[in-house]
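All remarks here apply to the structure that follows.
The values are calculated or read from the model by the stated rules, or taken from the named source; none is laboratory data. Since the structure is predicted, the reported quantities are computational estimates derived from the model, not experimental observations. A quick note on method: Cβ atoms are made from the backbone with ideal geometry, for glycine too, and the neighbour counts reach across all protein chains shown.
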Amino acid sequence: MLFRKRAWDLMREEYAWVDESASLAEAVRALRQSQKASPEDNVVLVLGRSPGGETRRLKGAVSVWKVLEAVDECVLRDPELKVACETDFDKTFARACAVCIHTSLARYMEADVPVLKPGDPLPVVLELFLRKRRGWAVVEENGRVLGVVLVADVYRELSADMVGAFQPGAGA
């Protein structure tokens, strides 16, 4: 069963995405909206118009880790937070968040996106996750994004086969 599964079988056709001109705030909003339906979603694709404008091309991605990196750089390291009085802290924190969230998306976008072909078998998907040290990959064909595969999807398939192999009478 394991070798029969392909990226196409694992991918999610519904995924969070924003235009390349979006701010970090728009990416965070898109990800939060996506997580309402699927809490394990952890990446927003950044798409741009192709030269003809008929399709959207993958430009990069912003993962939850990149959002946390932005919060660390822009908010948690804000020197004003270190000296803010308890009464000023909430206001200072809100200001730092507002500045952070409206920064350019390009600063936190990952351009080196792990890409799979629809027909790639599950072992290739797993190997890509491990080699790239990412919990997600984009499924693309002819420059067109078809979907996203998350590590949770791969785990679900692997664990189902593993549990099935240990059922009484399996493989006998």
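Residues of region 12-54 that are without any contact (Cβ under 8 Å) to a residue 60 or more places away in the chain and either in contact with a Phe, Trp or Tyr (Cβ under 6 Å, 6 or more places away or on another chain) or among the aliphatic types (A, V, I, L, M) (or both): ALA16, ALA30, LEU31, ALA37, VAL44. Only residues that are crowded, with 17+ Cβ neighbours inside 10 Å and closer than 11 Å to PRO121 by Cα were counted across region 9-30, and they come to 1. Take GLY147 and tell me if it is surrounded by 14 or more Cβ atoms within 10 Å (Cβ to Cβ) and either more than 19 Å from the chain's Cα centre (by Cα) or closer than 19 Å to GLY60 by Cβ (or both). The answer is yes for GLY147. Looking only at region 69-109, count how many residues are at pLDDT 70 or above and either in a strand (DSSP E or B) or within 29 Å of the chain's Cα centre (by Cα) (or both). Of the residues in that region, 23 qualify. Checking VAL145, VAL154 one by one, the residue that is more than 26 Å from CYS74 (Cβ to Cβ), assigned to a helix (DSSP H, G or I) and of a type in the set (Val, Ile, Thr) is VAL154 and no other. Filter region 113-137 for residues that are surrounded by fewer than 18 Cβ atoms within 10 Å (Cβ to Cβ), touching a residue at least 40 places away in the same chain (Cβ under 8 Å) and closer than 15 Å to VAL148 by Cα; which is nearest to the chain's Cα centre (by Cα)? Checking each candidate, the answer is VAL115. For region 15-54, a tally of residues being assigned to a loop (DSSP other than H, G, I, E, B) and under 14 Å from GLU110 (Cα atoms) returns 2.
Taking region 95-135 as the range and being closer than 28 Å to VAL154 by Cα and of a type in the set (Gly, Ala, Ser) as the test, the residues that pass are ALA111, GLY119, GLY135. The residues of region 55-68 that are in contact (Cβ under 8 Å) with a residue 40 or more places away in the chain and part of a helix (DSSP H, G or I), listed by number, are LYS66, VAL67.
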